[in-house]
Amino acid sequence: MALIRVAILFLMVATPAVHAVQHTVGGNSGWNTNVNYTSWASGQTFAVGDTLVFTYSSNHGVDVINQNDYNNCNAGNALQSYTGGNTNINLTQVGSMYFLCPTPNHCQEGMKLAVNVQSGSPGASSPSGSTTPSPPSTTKSPPTGAAGIFGSINHLMLGFSLVLAALVGHI
Ligand SMILES: *[C@@H]1O[C@H](CO)[C@@H](O)[C@H](O)[C@H]1NC(C)=O
Ligand SMILES: *[C@@H]1O[C@H](CO)[C@@H](O)[C@H](O)[C@H]1NC(C)=O
Ligand SMILES: [Cu+2]
């Protein structure tokens, strides 16, 4: 049993050191109509290296858009479009990012999100985001230039998981 405690302590200590927070968009509500994402986002701190996790049913999607299209709920000029129910967006640079659901009227029904991404300074990681490791994204987007960085983080997390699994396995 002591080994389990050691392993859990190790995970708790090691995970925040990565400073990569996975923000489950909308919390328990996920990506859905009739959620106030302005309100949700105001309770989060977004930093470079974090991930937005959109979880949604098949009648929704995730479009990356510019500020003007965010303001006007215009889905016609999407910079990126994702479907599939589980979209992980890597926050790779400082600045604002805007999202909406392209299904007709869903943006008007609240499915729009603006995040302000800050530089990822040490010690500034948010305790409010979910840090639950998620399965790989099923989106069809090409990898971005920062994919390597995130790949490393994922490998780090995988390493922690394997250490935990190994320790638990030896009880
Ligand atoms: C969402 O919440 C913000 C404050 O967090 C508020 O200003 C805004 O009016 C709300 N929007 C809607 C559509 O209720
Ligand atoms: C974010 O990074 C992960 C890990 O490298 C990658 O699998 C995923 O496709 C990326 N997501 C986007 C939207 O680029
Ligand atoms: Cu929708």
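What follows is calculated from the coordinates using simple rules that are stated; it is not laboratory data. In this text the structure is predicted, and so the values were computed from the model without any measurement. Don't worry about glycine lacking a Cβ; one is built from the backbone with ideal geometry, like all the others, and counts go over all protein chains shown.
Considering only residues that are in contact (Cβ under 8 Å) with a residue 60 or more places away in the chain and more than 16 Å from ligand 2 (Cβ to nearest atom), look in segment 41-53 and name the one that is farthest from the chain's Cα centre (by Cα).
Filtering first and then ranking leaves GLY43.
Is it the case that segment 48-69 has a residue that's crowded, with 16+ Cβ neighbours inside 10 Å and within 16 Å of ligand 1 (Cβ to nearest atom)?
No, every residue in segment 48-69 fails to be crowded, with 16+ Cβ neighbours inside 10 Å and within 16 Å of ligand 1 (Cβ to nearest atom).
Is at least one residue of segment 40-53 under 17 Å from TYR82 (Cα atoms), within 15 Å of ligand 3 (Cβ to nearest atom) and not aromatic (Phe, Trp, Tyr)?
no
Would you list the strands (runs of 3 or more DSSP E) that sit entirely within segment 10-101 and hold 3 or more residues that are out of contact with any Cys (no Cβ under 9 Å at 6 or more places or on another chain)?
In segment 10-101, the matching strands (runs of 3 or more DSSP E) lie at 22-24, 51-55, 80-82, 86-90, 95-100.
Restricting attention to segment 54-67, does a residue exist that is in contact (Cβ under 8 Å) with a residue 12 or more places away in the chain, farther than 13 Å from TYR82 by Cα and hydrophobic (A, V, I, L, M, F, W, C)?
Scanning segment 54-67, I find no residue that is in contact (Cβ under 8 Å) with a residue 12 or more places away in the chain, farther than 13 Å from TYR82 by Cα and hydrophobic (A, V, I, L, M, F, W, C), so the answer is no.
Within segment 21-39, how many residues turn out to be within 14 Å of the chain's Cα centre (by Cα) and more than 15 Å from ligand 3 (Cβ to nearest atom)?
Summing the residues that are within 14 Å of the chain's Cα centre (by Cα) and more than 15 Å from ligand 3 (Cβ to nearest atom) in segment 21-39 gives 6.
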